[in-house]
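Since the structure comes first, as structure tokens, the remarks are kept for the end.
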Amino acid sequence: MGRAATGIGDRRVAARPVDDGASARRGRTPVTEESVAARAGAALPSLSKAERRVGRALLADYPSAGLTSAARLAERAEVSPPTVLRFAQSLGYDGFTDLQVALRAELSAQSNGPITRLPVAPTGSTDAGPLDRLLQQGRAQNAQAERTLAQLPAPAVEAAVALLADTTRPLYLHGGRFSHLLAVHLAAHLEQLRPGVRVLTDPGGRDLGSMIELTRRDVVVLFDYHRYQRSVAELAARVHRAGATVLLITDDLACPVAPDAEVVLAASSTVGTTYQSMAAGFLLTELLIPLVMDAVGEPARTRMALWEELRRSELLE
């Protein structure tokens, strides 16, 4: 598989998860409900050089690398076992065993569907009506989306825009059962701005020809949100082996597609809901569109004008 998101100096560029700013350069990251991958990604810049090696080794094969022994992870990172312990403590865990407990809890949660998150009793104020509950949940999800979007590092966003705006490179988009909606949404806008945009609806069947013909010039945008799909991860691995570039838009750096992606943008808006929210994903894709338009420049405006002219008879005023 590919390399993990380990910082600006590496080949891959990844979105860094939320950091509340409370951790000192050599202090522990406060314990939160973030995934181990999110904590590791946020803490990397403040870790020692040896601890960063552990973090990169963990993210390169997440979560499997963290479920081995401390000695095995140390061997993979080419550091000493005590460094692995210090790494875990720097993330806010009591030790490596505590970090592994968190990893196993993540795996258990990721295997659960929405039925397991149904509340036993109605949540929120019993006096609140449907509209009040809708607005309350909307505010919570918007706040969560804003927090994660605010942590997208400039290099990751710039790399994503550059890939989407490079009209010399064919662009393919695909997603999972629900996140495929995001792929279609982004593609519908991008095809107005640039040529060579195609949605892959059946990579293993109807679109198999495109998969066989992939080259290093191709860019494949993959959307994958919890619960992550094996088929999307397998497609990412296939694209990676072909030498094409993968741009991943997801909700967590722990997404199984991440190791095979060149660029990762992670944003989440899920806050106490039965179903995982993709609101942050829709917001992120819509915010990328004007950036891509500016990057393409005049050819995008010319293409849009022609597009509108050809569709004029179809549209109602």
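Taking Asp10 as meeting all but one of (1) at pLDDT 50 or above; (2) outside the structural domain of Gln100 (by TED's automatic domain parsing), write down the number of the exception.
(1)
Give me a count of the residues in the stretch 55-69 that are in contact (Cβ under 8 Å) with a residue 60 or more places away in the chain and part of a helix (DSSP H, G or I).
Of the residues in the stretch 55-69, the ones in contact (Cβ under 8 Å) with a residue 60 or more places away in the chain are 59-63.
Within this subset, residues satisfying the condition of being part of a helix (DSSP H, G or I) are 59-60.
The total comes to 2.
Residues of the stretch 189-236 being within 19 Å of Arg177 (Cβ to Cβ) and assigned to a helix (DSSP H, G or I), which ones? Before you say what the answer is, go through the steps one by one.
Just the residues of the stretch 189-236 that are within 19 Å of Arg177 (Cβ to Cβ), to begin with: 199-207, 220-236.
Listed by number, the residues that qualify are Arg230, Ser231, Val232, Ala233, Glu234, Leu235, Ala236.
Given the criterion touching a residue at least 12 places away in the same chain (Cβ under 8 Å), closer than 16 Å to Ala258 by Cα and either of a type outside the set (Val, Ile, Thr) or not assigned by TED's automatic domain parsing to the domain that holds Glu308 (or both), identify the matching residue among Ala165, Ala233.
Details: Ala165 fails: closer than 16 Å to Ala258 by Cα.
From the options Ala165, Ala233, the qualifying one is Ala233.
Okay, residues lined up against (1) touching a Pro at 6+ places or on another chain (Cβ under 6 Å); (2) assigned to a helix (DSSP H, G or I); (3) free of Cβ contacts under 8 Å to residues at least 24 places away in the same chain; (4) surrounded by fewer than 21 Cβ atoms within 10 Å (Cβ to Cβ):
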| position | (1), (2), (3), (4) |
| --- | --- |
| Arg72 | no, yes, yes, yes |
| Phe87 | no, yes, no, no |
| Thr97 | no, yes, yes, yes |
| Gln100 | no, yes, no, yes |
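The values are calculated or read from the model by the stated rules, or taken from the named source; none is laboratory data. Quick caveat: nothing in here was measured; it's all calculated off a predicted structure. Quick reminder, even Gly has a Cβ in these numbers, built from the backbone with ideal geometry, and neighbours come from all protein chains shown.
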